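Asks: Handing you this structure, nothing more for now.
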Amino acid sequence: MKVCLINPPYRRSIFAPLPRQLEEASGKYPSLGLGYLAAVLERDGHVVDYIDMDALDMGHEALEGIIKKLSPDVMGITCTSSTLAQVKEVAKVVRSISPNCFIVVGGSHLGIYPEETLRSELFDAGIQGEGEGAILDLMRTLENDKDLSNVRGAIYRHSGKVIVNEPALPIMNLDELPFPSYHLMPMDRYYCPTAVRHPFMTMISSRGCPFNCFFCHRASHNRLYRKRNPVKVVDEIEYLVNKYAIGEILFQDEEFTLDKKHVIGICNEIIRRKLNILWDCKSRVDTVDREMLFKMRAAGCDRIHYGVESGDQKILNVLRKGITLDQVRRTLELTKEAGITILAYFMIGTPGESLESIRRTIEFSKELDPEYAQYAITTAFPGTDLYKFAMENGFVKEDVWRQYTLGETEIQPLPYFETEEYDTEDLENIVRNAYRSFYLRPKYITKRIMTLRSKRELLHGLRGFVALVKS
């Protein structure tokens, strides 16, 4: 069958009050999930196209022309809570051009509101859970009896009712999956503002995260940690380097450093093959040590993204981070010793927070002095314990994300945690001021100028500087 997979436009500022220029400079990233779906579909004999509307800055008119040309049998669209509105608009375009096309929607939002999503007649079916096995079962069913009742992970309508099957089973052996179908992606359009080298790409070496942060959505399969063979991980790195001249990779693992042996294995294999590659990863401050960090640096690790979240221990405890401020200090200092740059994430406006604790967080971020800091307003996202807390304690009067999914309301303004000290507008101003306070320090500007390593890094820095001044 002819299958077309779509990565819809992503409006980054929906989750953070970023100035327009900073939003534009925030990068373009592929949908690895769609890349894996494309790979297993191609391996099964289907003809697959991949349209990355976000990376291509594609509008609906251009999409119409492509759909007319491709005339796919099945359309798959990935959907998160932040892109649901855009996904529906894309589905409308497909419906208007190709009314007989079977439209399937998948992604994290389906695991939270499966029935509500499929109440929209824009979609013929949905998939919840990891989709590689489910999409193949769905395709085989469509080719044969069209009875979706036996397709694990499928969500569909039957006799006027939405039927939600058991979620798709997680992929236990990740090494059975082929590499994502990179040849279908607009590889030259992806970039990361903090990347030193270009072309840039993303990868995974594992799936799942066993931790229990208050603000994080984790379906059951996402709590289950599974890892790839380090040799196969580096096979993929080598493929990207040789085939596409990729200079830098961002590992999108939810917790790259969870298994020390796994990390050391990847690093040793990169070193053994003498691969000239830089890479970034995400980590907790309590899952690294000196040996790991220095080995990572020797293997090309250029940057680690740490979820610091707060400079107030009480707020860290509320967020269930399971870390201390002293751990944060020690780990970031050790990371600097190893010669690895740091991107630290901070949250503003957590339940129980005050203007004083917010001030401590902003000051803590400057004390730590990472190369990059990112601030966001603590938001009650669907499927999280934080969202349950918001509804139970009156911060959210009713299930607004469910209403949003049903098309009954807009999701703006987002569910923030207002107090007598500050409201939503105050929080947005605080975040903007936090960016200015961190990045416009003379000491910081001088350090960044002295450590610039590429023209690209300089241009991104200048763009960000102009955005901050204009904001």
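The values are calculated or read from the model by the stated rules, or taken from the named source; none is laboratory data. All of these numbers come straight from a predicted model, not from anything done at the bench. Glycine gets a Cβ as well: all are built from the backbone with ideal geometry, and neighbour counts include every protein chain shown.
Asks: Considering only segment 72-84, I want to know if a residue exists there that is at pLDDT below 95 and assigned to a helix (DSSP H, G or I).
Replies: yes
Asks: How many of the residues in segment 146-178 are touching a residue at least 24 places away in the same chain (Cβ under 8 Å), in contact with a Gly (Cβ under 8 Å, 6 or more places away or on another chain) and not small (Gly, Ala, Ser)?
Replies: Qualifying residue count, segment 146-178: 6.
Asks: From the list Val151, Val48, pick out the single residue that is touching a helix residue (DSSP H, G or I) at 6+ places or on another chain (Cβ under 7 Å), aliphatic (A, V, I, L, M) and under 29 Å from Gln403 (Cβ atoms).
Replies: Values: Val48 fails: under 29 Å from Gln403 (Cβ atoms).
Among Val151, Val48, only Val151 is touching a helix residue (DSSP H, G or I) at 6+ places or on another chain (Cβ under 7 Å), aliphatic (A, V, I, L, M) and under 29 Å from Gln403 (Cβ atoms).
Asks: Which helices (runs of 4 or more DSSP H) sit wholly inside segment 110-227 and have at least 1 residues that are in the same structural domain as Phe346 (by TED's automatic domain parsing)?
Replies: On the way: elements: 114-118, 131-143, 220-223.
Qualifying helices (runs of 4 or more DSSP H): 220-223.
Asks: Tell me, please, whether a residue that is touching a Lys or Arg at 6+ places or on another chain (Cβ under 8 Å), surrounded by fewer than 19 Cβ atoms within 10 Å (Cβ to Cβ) and modelled with pLDDT of 95 or more can be found in segment 298-321.
Replies: No, there is no match, as no residue in segment 298-321 is touching a Lys or Arg at 6+ places or on another chain (Cβ under 8 Å), surrounded by fewer than 19 Cβ atoms within 10 Å (Cβ to Cβ) and modelled with pLDDT of 95 or more.
Asks: Something else now. Among the numbered criteria (1) within 22 Å of the chain's Cα centre (by Cα); (2) surrounded by fewer than 17 Cβ atoms within 10 Å (Cβ to Cβ), which single criterion is violated by Gln403?
Replies: It fails just one condition, (1).
Asks: Next question, about the same structure. May I ask you to list the residues in segment 90-127 that are acidic (Asp, Glu) and free of Cβ contacts under 8 Å to residues at least 40 places away in the same chain?
Replies: Our first condition is that a residue be acidic (Asp, Glu); within segment 90-127, this holds for 115-116, 121, 124.
Answer for segment 90-127, where residues must be acidic (Asp, Glu) and free of Cβ contacts under 8 Å to residues at least 40 places away in the same chain: Glu121, Asp124.
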